[in-house]
Amino acid sequence: MWVAPEVRRLGVGRELVQAVTDWGAEWGARRVVLWVTSVNDGAQRFYERIGFTLLNRGPEAESGRSYDALALERPIRVDDTDRA
């Protein structure tokens, strides 16, 4: 996910994550999983603020070099889709 700098901190990221959460819930998903590079501190802090936690580290690129990416997850609860 990428949000244009001029609209960051206006709730756009939260709305995008909520849209994915709603879509997943409609299909019976129980969690949202995403990857973020470990050097992207701003994105990590954003995802942690909205309830994501570390799931795993990886993956290795085909070349054998690590991108040092982090898998983060957040459960989908019934109240996640009951927004007013």
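The values are calculated or read from the model by the stated rules, or taken from the named source; none is laboratory data. Model, not experiment: these values are computed from the prediction. Neighbour counts are summed over all protein chains in view; Cβ atoms, including those assigned to glycine, are modelled from backbone coordinates with ideal geometry. Side chains included, ligands, DNA and RNA excluded: accessible areas come from the protein's heavy atoms. Shrake-Rupley method; radii C 1.70, N 1.55, O 1.52, S 1.80 Å.
Within the set of other residues whose C-beta is less than 10 Å from the C-beta of Thr53, count the net charge using Lys and Arg as +1 and Asp and Glu as -1.
-1
On the full set of protein chains, 1.4 Å probe, figure out the accessible area of Asp22 and give it in Å² to the nearest 10.
40 Å²
What is the gain in length, in nm to one decimal, between Glu73 and Trp2 on full extension, counting 0.36 nm per residue of separation less the C-alpha to C-alpha distance?
Extra length available between Glu73 and Trp2 comes to 23.8 nm.
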